[in-house]
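To start, the structure itself, in structure tokens.
The values are calculated or read from the model by the stated rules, or taken from the named source; none is laboratory data. These numbers were taken from a predicted model, which means no experiment stands behind them. Heads up, the Cβs are rebuilt from the backbone with ideal geometry, glycines too, and the neighbour counts pull from every protein chain shown. We work out accessible area using only protein heavy atoms, side chains counted, and drop any ligands, DNA or RNA first. Shrake-Rupley method; radii C 1.70, N 1.55, O 1.52, S 1.80 Å.
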Amino acid sequence: MSERGILTVISGFSGVGKGTVIKRMLRDYQAYALSISATTRAPRVGEQDGREYFFKTREEFEAMIAADEFVEYAQFVENYYGTPKAYVEQMLSEGKDVILEIEVQGAMKIKEKFPDAPTIFIVPPTPDALRERLVGRGTESQEVIESRLRRAVEEADSMDQYEYLVINDDLDTCVRQVHAIIQSEHLKGSRNIEFRTNLAQGMNKFLKGDR
Ligand code: 5GP
């Protein structure tokens, strides 16, 4: 069956816990590779260059745009974020299922370039659960929290552009559901044309009385 990896977009409001969901997927299943984005935002406490992000200056990021090094990029709350091309391409050709944890504008660009990429939006069970998580994380100032909540309200309009909505209430359930979505993508007839054709051709022998 299909050997090329599947490119999956995962989005969700800031604070919904999508980073945790993805970390668990990488830990629990061998199939996945996470694309590490480049960004111009400052590292948060505990973040390392090359692990959470490749941290870039605005000039460096703009040079990468000019050199066509991104699959997609977008501006989000005053900063640039982008998906570097080379790693994604390499992992997909090695058969890894590549996860892009990106925001809505980037997700729509991926959908244009890769129409068969599944898109998943992770949602909180309730609006209040989202605010509590963002405040509880303690990594952002009050001002940033408010700007992210306002942005979340805008992003809520885009939820219907995604194929799948997965509720992150119980983490284990959420991880299993995201994994199940990607696994079932592998089984799509449209991803397995070669297998299907070979099987049908091989079956022609039955017409010749072969057993
Ligand atoms: P944060 O600053 O919280 O790490 O990320 C802010 C937003 O940028 C999140 O919604 C995250 O999914 C998104 N993001 C991270 N990397 C990329 C990327 O490469 N491209 C796009 N379009 N969005 C990204």
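Below is a table of values for the structure above.
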| quantity | calculated |
| --- | --- |
| Solvent-accessible area of residue 87 with every protein chain in place, 1.4 Å probe, in Å² to the nearest 10 | 90 Å² |
| Per residue accessible area in Å² of the range 115-211, where ligands, DNA and RNA are left out and the probe is 1.4 Å | 66 Å² |
| Amide H partners (placed H, <5 Å) of residue 70, local residues excluded | 85 |
| Relative contact order (%) - criterion: Cα under 8 Å, at least six apart; region: the chain | 31 percent |
| Mean Cβ count within 10 Å, highest first, over the residues of peptides 143-149, 188-194, 16-22 | 16-22, 143-149, 188-194 |
| Interchain or long-range residues, amide H under 5 Å from residue 80's placed H | 40, 41 |
| Percent carbon-and-sulfur accessible area, the chain, ignoring ligands, DNA and RNA, probe 1.4 Å | 52 percent |
| Residue 194-residue 116 pseudo-label distance in nm [points 7 Å out on the Cα-to-Cβ vector] | 1.2 nm |
| Under 5 Å, built H, 5+ apart or other chain: amide partners of residue 33 | 97, 98, 99 |
| Estimated translational D of the range 1-80 in µm²/s (Stokes, Kirkwood radius over Cα pairs; 20 °C; 1.002 mPa s) | 146 µm²/s |
| Debye equation applied to the C-alpha atoms of the range 147-211, log10 I(q)/I(0) at 0.13, 0.15, 0.26, 0.28 Å⁻¹ | -0.64, -0.73, -1.08, -1.11 |
| Computed lengthening from residue 160 to residue 26, 0.36 nm per intervening residue step minus Cα-Cα distance | 45.6 nm |
| Dimensionless Rg over Rh [the range 41-154; C-alpha; Kirkwood] | 0.98 |
| For the chain, alpha-carbon Rg over 2.2 N^0.38 Å | 1.17 |
| Per residue value of the accessible surface for the range 1-111 (all protein chains in place, 1.4 Å probe), Å² | 47 Å² |
| The range 1-89, relative contact order in percent, only Cα pairs under 8 angstrom and at least six apart counted | 24 percent |
| Among 108, 119, 177 - extreme Cα towards positive end, dipole of the chain, charges at beta-carbon | 177 |
